[in-house]
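Asks: Dropping the structure in here first, questions after.
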Amino acid sequence: MDVVLPVLDEGEAIPWVLGRMPAGYRPIVVDNGSTDGSAEVAAAAGATVVAEGRRGFGAACFAGLTAAASDVVCFMDCDASLDPRDLPLVADPVAAYEADLVLGARRGRAMPPHVRVANRYLAARVAAYTGARVSDIGPMRAARRTALLALGLVDRRSGWPLEMVLRAGRAGWRIAERPVPYRPRTGRSKVTGTVGGTARAVLDMRRQLAETRRLIREESR
């Protein structure tokens, strides 16, 4: 089973993450322009490495998705905040056809307060627009590769995770959650750890919510 790991200067965390990858899970590290040798560290640890020059979380995830070959594909951050040993929690229900998309709902005190607030708001919007009940738009998730490609995801920045859930919900997918421990990440976040990154993420997610509202209005006419 392929695991897409978007990477931007995560060289310090990569050995820990790859060293805990469960048997049968193949890491695909997508280097999104690192300058700390992340790609070389990942390759030395045995990962498949894909280079994606276009900056953006969604661009890296999409590059990994297109490079994947397994039926079920997993995604997770590569900053050591999530433990790869928890991947079967999200992958197994998809592999068993019990769900179409499973999200790892992050649990623990490591999540910053503003991220908690944002997640509650986004979860409420997802429920209102799709009927899907989620508590976290988290980065650990699993779904079938061909179905994900058919969703036609277009965001290539921070809106990718939200767009996936919105489109899947509106397409009638069975969306489920499984709680996963969340730990302090290694290094500073490129999104919530900077003013610019946070602003871009807010803009990207607002754009996804606005597009979904537009589609709902058009359908109701």
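The values are calculated or read from the model by the stated rules, or taken from the named source; none is laboratory data. Since this is a predicted model, take the numbers as computed values, not measurements. Here the Cβ positions follow ideal geometry from the backbone for every residue, glycine too, while neighbour counts run over all protein chains shown. In case anyone asks, the SASA skips ligands and DNA or RNA and just uses the protein heavy atoms, side chains included. Shrake-Rupley method; radii C 1.70, N 1.55, O 1.52, S 1.80 Å.
Asks: Whole-Hz Karplus ³J(HN,Hα) for region 77-91, in order, using 6.51 cos²θ - 1.76 cosθ + 1.60 and θ = phi - 60°, x for Gly and Pro?
Replies: 5, 10, 10, 6, 7, 10, 9, x, 5, 8, 4, x, 4, 9, 7
Asks: Have a look at the DSSP beta bridges in the chain and tell me what percent are antiparallel, nearest 5.
Replies: So the antiparallel bridges amount to about 25 percent of the total.
Asks: Roughly how tilted is helix 57-67, in degrees to the nearest 10 and between 0 and 90, from the longest Cα axis of the chain?
Replies: Taking Cα atoms only, the helix is inclined about 70 degrees.
Asks: Sticking with this structure for a sec: What share of the DSSP beta bridges in region 93-221 is antiparallel, in percent to the nearest 5?
Replies: Restricted to region 93-221, the bridges split so that about 30 percent are antiparallel.
Asks: Just round it to a whole percent: the fraction of Cα-Cα distances in region 92-221 exceeding 23 Å.
Replies: Every Cα pair in region 92-221 considered, those over 23 Å come to 32 percent.
Asks: Next question, about the same structure. Checking the a/c ratio against 1.5 first, then a/b against b/c, what shape does the Cα gyration tensor give for region 73-127?
Replies: Oblate.
Asks: If you stretched the chain out fully between Ala23 and His114, how much longer would it get, using 0.36 nm times the residue separation minus the C-alpha to C-alpha distance?
Replies: Stretched fully, the Ala23-His114 segment lengthens by 29.2 nm.
Asks: Using amide H atoms built 1.01 Å from N in the peptide plane, name the residues 5+ places from Val4, or on other chains, whose amide H lies under 5 Å from its own.
Replies: Ile28, Cys74, Phe75, Met76
Asks: Between Ala128 and Thr186, what length comes free when the chain is fully extended (0.36 nm per residue of separation minus the Cα-Cα distance, one decimal in nm)?
Replies: 17.4 nm
Asks: Let me ask something additional. Please get the size of the charge dipole for the chain, origin at its Cα centre, with Cβ charges of +1 on Lys and Arg and -1 on Asp and Glu, quoted in debye to the nearest 20.
Replies: Value, rounded to 20: 980 debye.
Asks: What are the ³J(HN,Hα) couplings of region 211-221, residue after residue, when phi is run through the Karplus curve with 6.51, -1.76, 1.60 and θ = phi - 60°? Round to Hz, x for glycine and proline.
Replies: Those phi angles translate into 5, 5, 4, 4, 5, 5, 4, 4, 5, 7, 6 Hz.
Asks: OK, next. In the chain, what percent of the accessible surface is made up of carbon and sulfur (1.4 Å probe, ligands and nucleic acids excluded)?
Replies: Carbon-and-sulfur percentage of accessible area, whole number: 54.
Asks: Once each part is reduced to its C-alpha centroid, what is the distance from region 116-165 to region 26-75 in angstrom?
Replies: So the two Cα centres are separated by 20 Å.
Asks: Whole-Å semi-axes of region 16-149's equivalent ellipsoid, largest first, each the root of 5 times a Cα gyration tensor eigenvalue?
Replies: With the √(5λ) rule applied to region 16-149, the semi-axes are 25, 18, 15 Å.
Asks: Right, here's the next one. Quickly estimate the mean residue ellipticity at 222 nm for the chain, helices only: each DSSP H run with n ≥ 4 gives -39500 (n - 2.57), and the total goes over all residues, rounded to 500.
Replies: Per the formula, -13500 deg cm²/dmol.
Asks: Whole number in Å², please: accessible area per residue of the chain, 1.4 Å probe, ligands, DNA and RNA not counted.
Replies: Accessible area per residue, the chain: 45 Å².
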